[in-house]
Amino acid sequence: MSGALASPMTGEMFELMAEWDGIGVIVRHDAPTGTWIFIALHDDTLGRPVGGCRMKVYERPEDALVDALRLAKGMTSKWAAIDFPFGGGKSVLAIPHELEGAERTGLLHRFGALLNTLNGTYGTGEDMGTTPEDMLTIAQVTSNVMGVEPGSTAAIDPGPYTALGVFESIRSVLRHTVGSDDMTGKRILIQGIGRVGDPLARTISAAGGQVLLSDVDASRVAALAEELGGAVVPAEAVYSTDCDVFAPCAIGAILSEDTIPLLECRGVAGSANNQLRDDDDADLLHGRGILYAPDYMANGGGAMAFGLIFQGVTEDEALKSRVSTIGASLDEIFEESASESISPLVSASRRVERILMAARMPTA
Ligand code: NAD
């Protein structure tokens, strides 16, 4: 077991939880793998907390807790913004090193068993570091996995649904910047061409857009650029490259006072969670006249599809049609933002608050 991850609960952890406005956090140390498990339950106003399971090596368990708290809160906003009857929750498995084979399976089974003790209070799903196969493994011991029926042998990849939601968000950004969502000839720069960025690039390209692709995986990005006739943008030029819309689909906290002054785009719409280093960075973007699609709205497609599947909607066309409504929801945000001279993030937060407030009102 790694020394760093074997640390006991520290004062910093208690402080983090004291400052948090959520329901509570379940903390467990998985002795066989040395993993710290955090299940953060943020809000259950709209329904039971549901959100993905992140598996990652952190330098300190405190960093994993920060991630869990922030991501769970983000899920409350995401479910409310897309008007789905779920609450905000997220789990983080802070592993001491990459786990494979029996070690990984054992951890996932014990995590599933832990979910069973919560009697359905929290539902999990895929997130960074976990795969559809991991969800199948967890589902061997619990029914609390979104998008997977107990005992099933296939798990749904949320990536293409998330990509569709981002595509519709990009079209909304174009409508509100250049006045038309016709993709022909539009230059869309995608940072990260993984499970979301890859299908997004293909959809944009099929719609006539020009894709500019950037990824730390040089061979993957070169192959996709060649296939789609797109251009490769080196990592050091990703923020300063001229484009119509910048789509961050890799890591969070990339929009900051360091990078926003460099941007040469009309708008930003991507799948990465927590794209802003700080909420005030939304004002910096607004001040520069760059239209920002709040991440928790633009990347809600996968969550939306899983929510629908959970409600019994399984037909692919029905799922896609509902995910496509993300564009119309963003239109409303951008219209309010323009008419009241506020950033789209402020407008989106108001929408979230309105929906939560309405749900909290006692019914007559
Ligand atoms: P992924 O791991 O499949 O792909 C990420 C890609 O980004 C990889 O190709 C990786 O090489 C690349 N990358 C990593 N660091 C980079 C960097 N610094 N610069 C450029 N490229 C980099 O992940 P994904 O499922 O495609 O998700 C992408 C983002 O969207 C993540 O932030 C994730 O949390 C978020 N998200 C994903 C979904 C989903 O349905 N998969 C849903 C909501 C949000």
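A few points about this structure:
- Evaluation of residue 282 against (1) over 21 Å from residue 175 (Cα atoms); (2) more than 16 Å from the ligand (Cβ to nearest atom) (one fails), failing number: (1)
- Unique residue being touching a His at 6+ places or on another chain (Cβ under 7 Å) and either more than 18 Å from residue 199 (Cβ to Cβ) or not assigned by TED's automatic domain parsing to the domain that holds residue 73 (or both) when the list is 334, 306: 334
- Any hit, the range 299-320, residues being open to solvent by 60 Å² or more (accessible area, probe 1.4 Å), at pLDDT 95 or above, closer than 30 Å to residue 155 by Cβ and not aliphatic (A, V, I, L, M): yes
The rows are residues; the columns are (1) of a type in the set (Gly, Ala, Ser); (2) within 19 Å of residue 272 (Cβ to Cβ).
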| position | (1), (2) |
| --- | --- |
| 142 | no, no |
| 145 | no, no |
| 154 | yes, no |
| 162 | no, yes |
| 169 | yes, yes |
| 174 | no, no |
| 181 | no, no |
| 189 | no, yes |
| 206 | yes, no |
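- Residue check for residue 358: within 18 Å of residue 76 (Cα to Cα), out of contact with any Ser or Thr (no Cβ under 9 Å at 6 or more places or on another chain) and open to solvent by less than 80 Å² (accessible area, probe 1.4 Å): yes
- Some residue of the range 300-323 being at positive phi and in contact (Cβ under 8 Å) with a residue 12 or more places away in the chain: no
- Residue within the range 6-16 that is modelled with pLDDT under 95, surrounded by 16 or more Cβ atoms within 10 Å (Cβ to Cβ) and under 26 Å from residue 276 (Cβ atoms) present: yes
- Within the range 345-364, being closer than 20 Å to residue 281 by Cβ and among the basic types (Lys, Arg) holds for 350, 351.
Residue-wise test of (1) over 16 Å from the mean Cα position of the chain (by Cα); (2) farther than 21 Å from residue 131 by Cα; (3) not β-branched (Val, Ile, Thr).
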residue: 287; (1), (2), (3): yes, yes, yes
residue: 293; (1), (2), (3): no, yes, yes
residue: 296; (1), (2), (3): no, no, yes
residue: 307; (1), (2), (3): no, no, yes
residue: 317; (1), (2), (3): yes, yes, yes
residue: 336; (1), (2), (3): yes, yes, yes
residue: 345; (1), (2), (3): no, yes, yes
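- Single residue of 164, 189 found to be open to solvent by 30 Å² or more (accessible area, probe 1.4 Å), in the same structural domain as residue 285 (by TED's automatic domain parsing), within 16 Å of the ligand (Cβ to nearest atom) and not β-branched (Val, Ile, Thr): 164
- Per-region count, the range 38-65, residues in contact (Cβ under 8 Å) with a residue 60 or more places away in the chain and in contact with a helix residue (DSSP H, G or I) (Cβ under 6 Å, 6 or more places away or on another chain): 4
- Yes/no for residue 328 being small (Gly, Ala, Ser), within 16 Å of residue 172 (Cβ to Cβ) and open to solvent by 30 Å² or more (accessible area, probe 1.4 Å): yes
- The set of residues from the range 118-174 being part of a loop (DSSP other than H, G, I, E, B) and among the aromatic types (Phe, Trp, Tyr) comprises just one member, 122.
- Within the range 192-237, the set of residues being within 11 Å of the ligand (Cβ to nearest atom), within 23 Å of the chain's Cα centre (by Cα) and hydroxyl-bearing (Ser, Thr, Tyr) comprises 214 only.
The values are calculated or read from the model by the stated rules, or taken from the named source; none is laboratory data. Just so it is clear, the structure is predicted and the values come from calculations on it, not from any experiment. Counting neighbours? That spans all protein chains shown, and the Cβs are built from the backbone with ideal geometry, glycine included. What goes into the accessible areas is simple: the full protein's heavy atoms, side chains included, and nothing from ligands, DNA or RNA. Shrake-Rupley method; radii C 1.70, N 1.55, O 1.52, S 1.80 Å.
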